[in-house]
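The values are calculated or read from the model by the stated rules, or taken from the named source; none is laboratory data. Please read all numbers here as calculations on a predicted model, not as lab measurements. Positions of Cβ are backbone-derived with ideal geometry, glycine not excepted, and every protein chain shown enters the neighbour counts.
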Amino acid sequence: MKKRQLGPCVTFFPQPATLVATLDQQGQTNLMMASWAGIVSKTPPTMAVSLHQSRKTFENISETGVFSINMVPASLAAEADFCGIASGQKMDKAATLGLHFENSAQGVPLLAESPLSVECRFERFVELGDYRLVLGEILDIHVDEAALREDGSLDVEVFDPLVYLGGVKEYWSLGSKQADAYRAGLQFAK
Ligand SMILES: Cc1cc2nc3c(=O)[nH]c(=O)nc-3n(C[C@H](O)[C@H](O)[C@H](O)COP(=O)(O)O)c2cc1C
């Protein structure tokens, strides 16, 4: 493999396509597309999302201290993209798109149309130039009941997650399962 250098840019994939749900002090909800997001610790359970300091989403999290990160199903690619173009500073994106929120028991807005929502409480942020790497304690994870098999395992095909190819600026869905994690590699263990 002969590699070419692209320089220090943001080309990397796949990235998760997520919708961050927040609310402001008046209780107005907002949705924002974020692909720089992921689980970063198991103990304590922690989710991170990197937000430009100008985002309404960052303002909301700073004000109310809660948010949810919602997996985007492939069927919502265009709606999610709109949430990455328009700002909640100027409009109610969810109302425009016909998307809905459900509140968790602790009052955190979850995207009703997402089959996988991670409910978080703001922990702290790390300053990264214009960005704020927001760390949130995971309070709960909400999954679509339709994805739960009788034995408690998850049927991945129900989720159909959308992924983002940073640098290429395209959304794709997942292909097929390739292997079992923590098992496939065991064939190389001595
Ligand atoms: C595919 C995609 C991924 C994005 N990921 C991020 C991200 O991780 N962090 C960020 O600050 N902005 C990201 N954006 C830009 C914001 O979603 C966009 O600026 C949005 O309008 C901000 O909304 P808000 O002001 O309502 O919070 C992304 C946009 C797209 C289209």
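Annotations for the structure displayed:
- Residue that is nearest to the ligand (Cβ to nearest atom), among those in region 47-70 that are of a type in the set (Ser, Thr, Tyr) and not in a helix (DSSP H, G or I): Ser50
- Among the residues listed as Gly175, Gly136, the single one being among the small types (Gly, Ala, Ser) and buried (at least 17 other Cβ atoms within 10 Å of the Cβ): Gly136
- Here Gly152 qualifies as more than 16 Å from the ligand (Cβ to nearest atom) and on the phi > 0 side of the Ramachandran plot.
- Tallying residues that are closer than 21 Å to Ala48 by Cβ and within 15 Å of the ligand (Cβ to nearest atom) within region 89-117 yields 2.
- Of the residues Thr64, Thr29, the single one that is touching a residue at least 40 places away in the same chain (Cβ under 8 Å) and under 15 Å from Ser117 (Cβ atoms) is Thr29.
- Counting only strands (runs of 3 or more DSSP E) that fall entirely inside region 74-129 and contain at least 2 residues that are of a type in the set (Asp, Glu), the qualifying elements are 116-128.
- Filtered residue count, region 19-38, keeping only those that are more than 8 Å from the ligand (Cβ to nearest atom) and under 14 Å from Leu76 (Cβ atoms): 2
- Pairs with Cβ under 8 Å, 6+ apart, first in region 171-190 and of a type in the set (A, V, I, L, M), second in a strand (DSSP E or B): Leu174/Pro161; Leu174/Val163
- Single match in Val72, Val108 (criterion: in contact with a Cys (Cβ under 8 Å, 6 or more places away or on another chain), surrounded by 21 or more Cβ atoms within 10 Å (Cβ to Cβ) and modelled with pLDDT of 95 or more): Val108
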